[in-house]
1. So B:LEU282 clears everything in (1) surrounded by fewer than 21 Cβ atoms within 10 Å (Cβ to Cβ); (2) away from chain A (no Cβ under 14 Å); (3) in contact (Cβ under 8 Å) with a residue 40 or more places away in the chain except one condition, right? Which one?
2. So which residues in the stretch B:152-174 are crowded, with 19+ Cβ neighbours inside 10 Å and either within 14 Å of chain A (Cβ to nearest Cβ) or of a type in the set (S, T, N, Q) (or both), if there are any at all?
3. Within the stretch B:46-57, does at least one residue satisfy the condition of being modelled with pLDDT of 85 or more, surrounded by fewer than 23 Cβ atoms within 10 Å (Cβ to Cβ) and in a helix (DSSP H, G or I)?
4. Would you point out which residue out of A:ALA142, A:ALA106 is surrounded by 14 or more Cβ atoms within 10 Å (Cβ to Cβ) and either free of Cβ contacts under 8 Å to residues at least 12 places away in the same chain or within 14 Å of chain B (Cβ to nearest Cβ) (or both)?
5. Being away from every other protein chain (no Cβ under 14 Å) and free of Cβ contacts under 8 Å to residues at least 24 places away in the same chain, is that true of even one residue in the stretch B:204-216?
6. Out of (1) modelled with pLDDT of 90 or more; (2) touching a Gly at 6+ places or on another chain (Cβ under 8 Å), the odd one out for B:ASP184 is which?
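The values are calculated or read from the model by the stated rules, or taken from the named source; none is laboratory data. Predicted, not measured: the structure shown is a model, and the values here were computed from it. Here the Cβ positions follow ideal geometry from the backbone for every residue, glycine too, while neighbour counts run over all protein chains shown.
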Amino acid sequence: MDKPDTNIGENGGEEPPESERAQARERMAAAIAEVRREGKKAAFVYAIVDAVLLFLLVNILLTVLSPAELPTQVSVPAAVTDPVEAAVGRSVPALSFPTGAVVGIAIGVCWLIGEYLYRVRQPLVEQFEAANANVTDALRTARDAVEDEAETRMAARLYEDVLDGLKQSSSVALVDSRRLLGTLVVVILLSLATVQVAVVDIGLLDRDPVETESPNDRPSQYEGLEDGDAILGDSEDVQAGDENLTAEIDSTGGDEEIDRSQSFPSSDTEGPGSGSGTVDSQQAGFAGQEDVEDADLIREYNLRIRDQDTDDEDTDP
Amino acid sequence: MSPEQDIDELQQKIANAREQISTRIVGQEAVLEQLLICILADGNALLESNPGLGKTTMVRTVAEVTDLQFSRIQNTPDLMPSDITGTEIIRETDSGREFVFEKGPVFANVVLADEINRATPKTQAALLEAMQEKQVTAAGETYELPRPFFILATQNPIDQSGTYALPEAQTDRFMLKLLVDYPDYDEERTIVDMYTAGAEQVPVERSLTRSEIQAIQQLVREMPIADDLRDRAVQLVRRTREADDIEFGASPRASMALVQTAKARAFLHGRSHVTGEDIEALAAPVLRHRIIVDFRAEREGRTADDLIAALLE
């Protein structure tokens, strides 16, 4: 009977230097990082396209349905405009946007963030494997081996195999082009429909007439000083008038006899100084429909007329 | 020679060895693959089949192709442990008489323990230390067994009278239990033609050396496995302990065996990583002898393989 070999034999050839294995592991780690980056890009592409689709869908639905519970316009809150005004140093006109657009943007942004986070939380390496059959199982094995800092001969061989496989793989396969194209077609159709709805102004639900109140029509609660420009509009340069007009006023001469009769209210007291003529008091008055432009001026005129009359009587022989 | 070339060359050699064995063993590809896997994973295998299916020929051929020393133990009820491990004998020398340890048939690279269930429990237990520790203790002395070392035991599923069923503690030490089934019609006709005409034995070439087998065993141990696949193997084994149809589940040794044999299968297939297919392919051979089917499931005609297949789904 042959004596069996009881010694552990050679390990079948030279082992690669540890530095080479370490380099292979580093290259593999870099490749896996790149794979993860590609996965994030694909997740963002999906998320942005879906978010746009959702935005358009919500916008067009709210525009067409116009639910009575929602206003047609949403104003930008003062909490937003005030800092802007403070920053630019001048007042900012009040802004408002269609409710459908605002709600659509809000939902779209939420969807974008949510879908992106959801997709990124899915193992990106496994997603890449699913899209590239030539690295199935091998890539995640390499990933785990890199995380375990494995630098054995088989690990080094695995790294080389996977790196070779990655050269023949593509991150384009991460994106389902058929699904993406389908979504883009729907996005385009919804965009066209949005334009059409905006032009035709379709309303499917009964709703009160659209409030066309502009921000300037709304009563202001502000009681302080107003901005003149805001009220009167922007100032304009006005050219000085150069047209001369000639006004003619006819008057009688001062020596012309004036025939006038005056009557004053009768007075029971005829004392000295009282004239023989009857003086009727004449009260200055004004038409009821006319506005009193300047009551003081009228009063002054009355007093002067009375004084003049008194002087005339005194000077009469 | 680069490391890749080194590994590629070894994988090519193991493929050549498999091809050489196939020239002598017709059919039985699955059993042959599992047998090689067991060798690469440095384990022991239990072969179960009816008589006359070529178990001995298969094992002998494997030893021949791989340059391993082959030894056969025909188990009988009167076989003593010392008949296997060896014993001290008095030998006449020039200086007088002295006790010399005469190594038994277990001192070989490949030991075929034929019909192991016919040996007494005491003799069966003598194989425990050899299988697990790769060493033998006799007359107070411990002797290392040659490396690589495999015990490939066979047992007959029929004619159970006068047999001693292997205890669970011992069956657990077999990494795989292989079921050798009847060949199909074409294969059987080829076997008849091959062995009834021409040469008595089909010649095979040696394709692997002992050192190369040991190198492969080392590479198999170094093979990376993805965390999720490792977890899948562990969870599968753990489920055998929780399943209603299984009275007694598999031990953590089964988890280790499943991962190790999956690595060996990956190497045999020329890969540098384990796949889920490796786990699935080896679940039954690893677990079927480590679980005890509940009597209700047994009454319904379900076997251990059926239950393992259900656990894999």
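1. Only one criterion in (1) surrounded by fewer than 21 Cβ atoms within 10 Å (Cβ to Cβ); (2) away from chain A (no Cβ under 14 Å); (3) in contact (Cβ under 8 Å) with a residue 40 or more places away in the chain is unmet by B:LEU282, namely (1).
2. B:THR154, B:GLN155, B:GLN170 - these are the residues of the stretch B:152-174 that are crowded, with 19+ Cβ neighbours inside 10 Å and either within 14 Å of chain A (Cβ to nearest Cβ) or of a type in the set (S, T, N, Q) (or both).
3. Scanning the stretch B:46-57 turns up no residue that is modelled with pLDDT of 85 or more, surrounded by fewer than 23 Cβ atoms within 10 Å (Cβ to Cβ) and in a helix (DSSP H, G or I).
4. A:ALA142
5. no
6. Only one criterion is unmet by B:ASP184, namely (1).
Yes or no, residue by residue, for (1) farther than 19 Å from A:ARG27 by Cβ; (2) out of contact with any Asp or Glu (no Cβ under 8 Å at 6 or more places or on another chain):
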| position | (1), (2) |
| --- | --- |
| A:GLU126 | yes, yes |
| A:GLU129 | no, no |
| A:ASP137 | yes, no |
| A:THR141 | no, yes |
| A:GLU147 | no, yes |
| A:LEU174 | yes, no |
